[in-house]
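Single-structure report; data block below.
The values are calculated or read from the model by the stated rules, or taken from the named source; none is laboratory data. Quick caveat: nothing in here was measured; it's all calculated off a predicted structure. Backbone-built Cβ (ideal geometry, glycine too); neighbour counts: all protein chains shown.
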Amino acid sequence: MRFMDLSKMTVAEVNKWVKENVFFTGGVGCLNAEISYEELLKKLSSDSRTGIQRIYVSLKKKEAQILSDQKKLDEMFEYESYIVGTNVEYIAGIDEAGRGPLAGPVIAAAVILPRFSLPELCGLNDSKKVSERMRQKLASSIEKVALSFAVASAAVHEIDAMNIHNASLLAMKRAVSYLKRSFKHLLIDGKNKLDIDVPQTPIVGGDSKSASIAAASIIAKVYRDNIMKEYHAKYPQYNFAKHKGYPTDEHIAAIKKYGPCAIHRLSFLKKICKITK
């Protein structure tokens with residue numbers, strides 16, 4: 001498709017054409033048309049119409065954001081790159097989601113990524129720093145490009161029995177054991193190592209420093225959020241779909257009104273809501 005003369009197109013037509021034909025790969029703008037991205041930018045920048053200038057500025061901002069995300073992604077592979085340099089082929093990253101909620105399981109995910117950054121993973125970061133929509137998009141991309149990934153949980157009764165710290169480590173250990181590809185090194189978020197016989201590197205704040213850990217963080221968070229949405233259908237009075245079990249004012253008020261349900265962590269409620277049931 002050839003790019004039509006801008007002077008013969010309305011702003012709405014140009015905007016529609018841009019949305020249908022412009023895409024970015026590896027931080028570089030590309031077109032599904034017989035015109036280069038650079039030529040398009042020149043045409044847009046030389047058009048004096050305010051609406052066209054907005055389209056131009058929007059494309060430049062998107063281009064800058066993608067380049068920034070790619071740079072960040074490359075930096076997040078530094079731990080993996082260093083370990084690969086020691087002749088370790090496969091590296092697993094692991095993280096958990098759900099340490100703080102008053103209800104629901106704690107979920108851990110383990111991910112083995114390819115040893116180099118991929119455009120599909122641009123925007124990868126700690127799940128807490130990414131919007132829900134972006135988390136879902138990234139989770140889908142991670143599942144497609146990962147060499148292996150696994151998810152595991154520690155149930156509410158296990159959290160109450162052994163405390164959330166030990167339950168989180170248990171969920172992580174389970175997730176690692178479910179990986180279908182052998183790995184030679186484990187990158188783990190936090191200060192603690194797992195009780196498994198494999199070299200490990202704990203990284204405080206690892207979900208924003210290591211691509212493998214960040215990927216595990218995203219998978220664990222999306223998986224747990226989906227579980228809590230399912231629980232919402234069973235226990236709608238607590239509105240789990242909104243707060244995912246975290247101690248919001250709304251959630252605490254619902255517990256005081258209706259009492260705890262089967263998925264509430266009673267060990268947490270004793271301290272936070274003073275409920276002893």
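Every listed requirement among (1) in a loop (DSSP other than H, G, I, E, B); (2) in contact with a Pro (Cβ under 7 Å, 6 or more places away or on another chain); (3) closer than 13 Å to Pro101 by Cβ is met by Pro247 save one, (2). Only one entry of Tyr246, Tyr235, Tyr178, Tyr223 meets the criterion of being touching a Cys at 6+ places or on another chain (Cβ under 8 Å) and either of a type in the set (Gly, Ala, Ser) or at pLDDT 95 or above (or both), and that entry is Tyr235. Scanning the range 142-168 for residues that are part of a helix (DSSP H, G or I) and touching a Leu at 6+ places or on another chain (Cβ under 6 Å) yields Val145, Asp160. Within the range 47-91, the only residue that satisfies the criterion of being exposed (fewer than 13 other Cβ atoms within 10 Å of the Cβ) and aromatic (Phe, Trp, Tyr) is Tyr82. Looking at Met172, Met134, Met162, just one residue is without any contact (Cβ under 8 Å) to a residue 24 or more places away in the chain and more than 10 Å from the chain's Cα centre (by Cα), and that residue is Met162. Checking Gly245, Gly190 one by one, the residue that is without any contact (Cβ under 8 Å) to a residue 60 or more places away in the chain and crowded, with 19+ Cβ neighbours inside 10 Å is Gly190 and no other. Residues that are under 18 Å from Met134 (Cα atoms) and aliphatic (A, V, I, L, M) within the range 228-253 comprise just one, Ala241. Residue by residue through the range 216-242, note down the ones that are in contact with a helix residue (DSSP H, G or I) (Cβ under 7 Å, 6 or more places away or on another chain), assigned to a helix (DSSP H, G or I), free of Cβ contacts under 8 Å to residues at least 24 places away in the same chain and more than 19 Å from Ser140 (Cβ to Cβ). Residues satisfying the conditions are His232, Gln237, Ala241.
Ala171 satisfies every condition listed in (1) in a helix (DSSP H, G or I); (2) exposed (fewer than 13 other Cβ atoms within 10 Å of the Cβ) except (2).
Of the residues examined, Arg181 is not one that is outside any loop (DSSP other than H, G, I, E, B) and touching a residue at least 24 places away in the same chain (Cβ under 8 Å). If you go through the range 51-90 and pick out every residue that is without any contact (Cβ under 8 Å) to a residue 12 or more places away in the chain and either among the aromatic types (Phe, Trp, Tyr) or under 18 Å from Ala110 (Cα atoms) (or both), you end up with 1.
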